[in-house]
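The values are calculated or read from the model by the stated rules, or taken from the named source; none is laboratory data. Just so you know, these numbers come straight off a predicted model, no measurement behind them. In this analysis, Cβ positions are derived from the backbone assuming ideal geometry, glycine residues included, and neighbour counts consider all displayed protein chains. Heavy atoms of the whole protein, side chains included, go into the accessibility calculation; ligands, DNA and RNA do not. Shrake-Rupley method; radii C 1.70, N 1.55, O 1.52, S 1.80 Å.
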Amino acid sequence: MASYLQIENISKSYGHKTLFQNIAFNINEGDKIALIAPNGTGKTSLLKILAGKDKSDSGGKITFLKDIRIAFLEQNYDYQPDFSIFEQIKYNSSDFCATLNNEQLYEFELRIKKFLSALGFKDFTTKMKHLSGGEVKRVALSQMFAYDADFYIMDEPTNHLDLDAIEYLENYLSKARSTLLMVSHDRYFIDKVCNTIMEMDMSNIYTYQGNYSNFLEKREERISHYNAETDKVRNLLRRELEWMRSTPCARTGKAKYRKDAFYSLKDRAEQSYKSEQIDMSKIANSSRLGNKIINCKNLSFYYGEECYLKDFTYKFQRYERLGIVGKNGVGKSTFINILSNNINPNGTLSGEIERGESLNIAYYNQNGMEFDENQTILETINDTALLKQFLFGHSMLNNKISTLSGGEKRRLYLLSILSKQANMLILDEPTNDLDIVTLNILEEYLSNYKGSLIIISHDRHFLDRLVDHLFIFCGEGEIKDFIGTYSEYRDFIKDYEQKEKQNIKKEVQNWREKTNSKKLSFKEKRELDTLNTEIAELSTKKDNLLSSMNIEQDFEKLDALAKEYSAIKEELDEKELRWLELSDIES
């Protein structure tokens with residue numbers, strides 16, 4: 001098995017903070033690796049170094065297998081607002097396109113359109129400025145997959161995607177023969193796609209074969225072993241400390257090696273994994289919640305001619321745990337903005353909505369993170385118990401906001417919402433940019449939360465653990481209520497789709513049985529003769545167009561030829577299908 005990537009002695013620091021130091025690892029052909037670590041430990045920095053967008057502080061060595069094609073997906077996709085989707089991908093791929101001949105360029109453009117279509121785009125001329133965050137992510141993924149790379153490096157590929165897009169992505173990657181290295185917080189996605197977990201911890205890399213569940217088990221074994229070794233080092237350190245204090249020769253040059261060893265022991269003895277836990281039930285506080293929460297009657301909301309909510313009636317209950325799912329752009333965020341009385345002034349709201357007098361909503365808005373960068377963590381949130389539980393230890397409390405990573409800022413913003421002690425939490429995509437360690441802590445916190453909970457999320461593990469029913473946003477203002485977890489909902493949908501396929505199969509079989517007992521009419525025989533001639537002519541036209549496209553260099557002419565080719569192919573497909581129907585009857 002070929003070695004696709006070898007890493008030796010890579011280091012990265014920012015100021016006095018060391019992210020990782022002299023790390024080394026190897027990635028072989030066929031490896032599908034998830035890189036896991038808390039925010040602020042250098043996951044994104046490492047991926048950027050591998051992709052050539054940053055440099056190691058210590059030099060080091062990065063060796064890719066010769067002639068393999070590499071594609072890199074960054075968290076944030078750079079785009080020009082007034083470019084169309086197709087123009088943007090071609091613009092961002094200009095260096096790649098320069099290496100292709102005309103035939104390869106045409107195939108690349110076909111792959112772009114294939115993946116854009118598969119990810120839900122119908123109009124490739126749509127301006128980038130009109131896309132949602134999830135749609136921009138799908139454009140970035142389409143560009144990456146169109147490269148047809150041997151090795152994909154991806155930073156949070158599921159961020160901002162709706163659940164349908166995530167399921168398409170994981171099905172595609174789990175079947176692809178490509179090699180993967182990705183940072184992800186989506187535990188179900190990791191289990192479905194990856195065969196190896198790579199953990200960054202204490203500036204080192206640890207590798208575990210198998211899925212996420214196996215990683216948790218093996219990591220716990222590693223930590224137990226590490227702490228046991230730390231206890232041995234501390235016992236040895238106590239003896240060495242007695243020697244340092246009592247032996248005069250300890251202060252002479254002859255014992256320098258032993259003094260150096262003592263200080264190395266001291267450093268090692270200070271490193272351990274603390275398992276101290278805070279009782280979540282004591283910090284997951286909320287104010288008293290009355291019997292009336294939110295009552296909605298015949299609510300409708302239009303933005304221009306677009307309907308996002310239609311005749312919605314529902315009475316929210318005390319301590320309700322609701323998950324909201326649906327495709328990007330169907331009105332999920334609009335709905336919770338209405339509930340929290342944060343309505344778009346350009347929209348039209350009708351119907352009735354009543355809120356209880358004791359209702360106190362805290363709303364986590366995925367686009368609402370604002371901080372004074374010069375404030376310290378403790379000045380921003382004066383709750384040391386909450387900060388400690390969410391991985392802001394004592395040594396970090398006086399750090400300024402400006403020194404935090406993007407994920408650490410997102411975690412702090414989340415705490416600013418949780419610390420309000422509201423009796424209803426509305427969380428819009430709270431898992432984006434959070435690491436897995438923080439997600440586990442957040443899930444435990446919310447499990448102990450004594451209030452009503454409404455969550456928009458694409459994280460299936462998160463939804464399965466925290467909500468007991470779902471609002472399914474179907475588009476055009478329609479909302480369906482499903483009692484159960486997200487996994488139960490998906491099982492229900494799969495069963496339903498399977499039954500629909502069986503029904504269609506029966507209908508086709510019945511149709512065939514009926515048509516097989518028929519004979520062609522005179523008109524149908526003439527149609528069959530005509531189809532033979534038309535199919536031959538269209539096939540010739542299709543082949544000629546394909547030849548013209550292979551030699552055409554002008555992009556506008558190539559685009560016109562491609563459109564004509566698609567139209568002829570579609571017409572040919574229709575006529576061939578009709579020919580098959582008539583031929584089946586004739587035979």
Margin query: Please list M424, M202 from largest to smallest accessible area, probe radius 1.4 Å, with all protein chains kept in place.
Written below: M202, M424
Note to self: With the cut-off at 1.5 for a/c, could you classify region 434-587 from its C-alpha gyration tensor as rounded, prolate or oblate?
What the structure shows: oblate
Item checked: Net dipole in debye of region 1-146 [+1 Lys, Arg Cβ; -1 Asp, Glu Cβ; about Cα centre; nearest 20] -> 340 debye
Next item on the list: Under a cut-off of 18 Å between alpha-carbon atoms, report the aspartates and glutamates in cross-link reach of K494, not counting same-chain residues fewer than 8 places apart.
Entry: D162, D164, E167, E170, D464, D481
Notebook entry, point to check: Based on the alpha-carbon gyration tensor of region 391-436 and its eigenvalue square roots a ≥ b ≥ c, which shape applies: rounded if a/c is under 1.5, prolate if not and a/b is larger than b/c, or oblate?
Noted result: oblate
Checklist line | Area of K569 that stays accessible when all protein chains are in place (1.4 Å probe, Å², to 10) | finding: 80 Å²
Checklist line | Sequence of T334, T384 when ordered by accessible area, the most exposed leading, probe 1.4 angstrom | finding: T384, T334
Notebook entry, point to check: Do any GluC sites (Glu not before Pro) in region 439-545 lie in a loop, going by DSSP, with at most 12 other beta-carbon atoms within 10 Å of their beta carbon, and if so which?
Noted result: E476
Next item on the list: Treating cross-link reach as a plain straight distance, find the aspartates and glutamates whose alpha-carbon is under 18 Å from the alpha-carbon of K292, omitting any fewer than eight places away in the same chain.
Entry: E320, E352, E354, E357
Margin query: Rolling a 1.4 Å sphere over the protein heavy atoms, what is the accessible area per residue of region 93-179, to the nearest Å²?
Written below: 41 Å²
Item checked: DSSP-loop trypsin sites (Lys or Arg not before Pro) across region 281-345, with at most 12 other Cβ within 10 angstrom -> R288
Note to self: Strictly over 23 Å apart at the Cα level, which of K122/K297; K175/K499; K17/K43 would you flag in this model?
What the structure shows: K122/K297; K175/K499
Note to self: Taking 10 °C and 1.306 mPa s as the conditions, I'd like the Stokes-Einstein D for the chain in µm²/s, using the Kirkwood hydrodynamic radius from alpha carbon pairs.
What the structure shows: 56 µm²/s
Next item on the list: Express in whole angstrom the spacing between the alpha-carbon centres of region 417-457 and region 26-99.
Entry: 31 Å
Margin query: Tell me the per residue accessible area of region 398-501 using a 1.4 Å probe; a whole number in Å² is fine.
Written below: 38 Å²
Next item on the list: Compare the Cα positions of T179, L397, I153 along the charge dipole of the chain (+1 at Cβ of Lys, Arg; -1 at Cβ of Asp, Glu; about the Cα centre) and return the one farthest towards the positive end.
Entry: L397
Note to self: Among T126, T313, L35, which residue has its Cα furthest toward the positive end of the charge dipole of the chain, with +1 on Lys/Arg Cβ and -1 on Asp/Glu Cβ?
What the structure shows: L35
Next item on the list: May I ask you to give the percent of accessible area on the chain that is carbon plus sulfur, with a probe radius of 1.4 Å?
Entry: 46 percent
Checklist line | Listed residues T348, T63 arranged by accessible area, highest first, probe 1.4 Å | finding: T348, T63
Item checked: Charged-residue dipole, Cβ positions (Lys, Arg, Asp, Glu), the chain about Cα centre, Debye nearest 20 -> 2400 debye
Note to self: Can you compute 3J(HN,Hα) from phi for each residue in region 87-96, using the Karplus curve 6.51 cos²θ - 1.76 cosθ + 1.60 with θ = phi - 60°, rounded to whole Hz and x for Gly and Pro?
What the structure shows: 4, 5, 5, 5, 5, 5, 9, 4, 5, 5
Next item on the list: Go through region 483-499 residue by residue and turn each phi into a ³J(HN,Hα) via Karplus (6.51, -1.76, 1.60, θ = phi - 60°); whole Hz please, and just put x for glycine and proline.
Entry: 8, x, 7, 5, 4, 5, 4, 5, 5, 4, 5, 5, 4, 4, 5, 5, 5
Check: Cross-link list K61/K218; K53/K127; K541/K575: which exceed 19 angstrom alpha carbon to alpha carbon?
Finding: K61/K218; K53/K127
Check: How would you classify region 39-153 from its alpha-carbon gyration tensor, with a ≥ b ≥ c the square roots of the eigenvalues: rounded for a/c under 1.5, else prolate if a/b is greater than b/c, otherwise oblate?
Finding: oblate
Margin query: Just want the answer: with Cβ charges of +1 for Lys and Arg and -1 for Asp and Glu, which residue in L418, I455, L386 is farthest toward the dipole's positive end in the chain?
Written below: L386
Note to self: How big is the dipole moment of region 1-69 about its Cα centre under a simple scheme where the beta carbon of each Lys and Arg is +1, that of each Asp and Glu is -1, and everything else is neutral? Debye, nearest 20, please.
What the structure shows: 220 debye
Margin query: Let me check against my output: what whole-number percent is the relative contact order of the chain, with C-alpha pairs under 8 Å and at least 6 apart?
Written below: 14 percent
Margin query: Could you give each residue of region 130-147 its phi-based ³J(HN,Hα) in whole Hz, using Karplus coefficients 6.51, -1.76, 1.60 with θ = phi - 60°, and x for Gly or Pro?
Written below: 8, 8, 6, x, x, 5, 4, 5, 5, 5, 4, 5, 4, 4, 4, 5, 5, 5
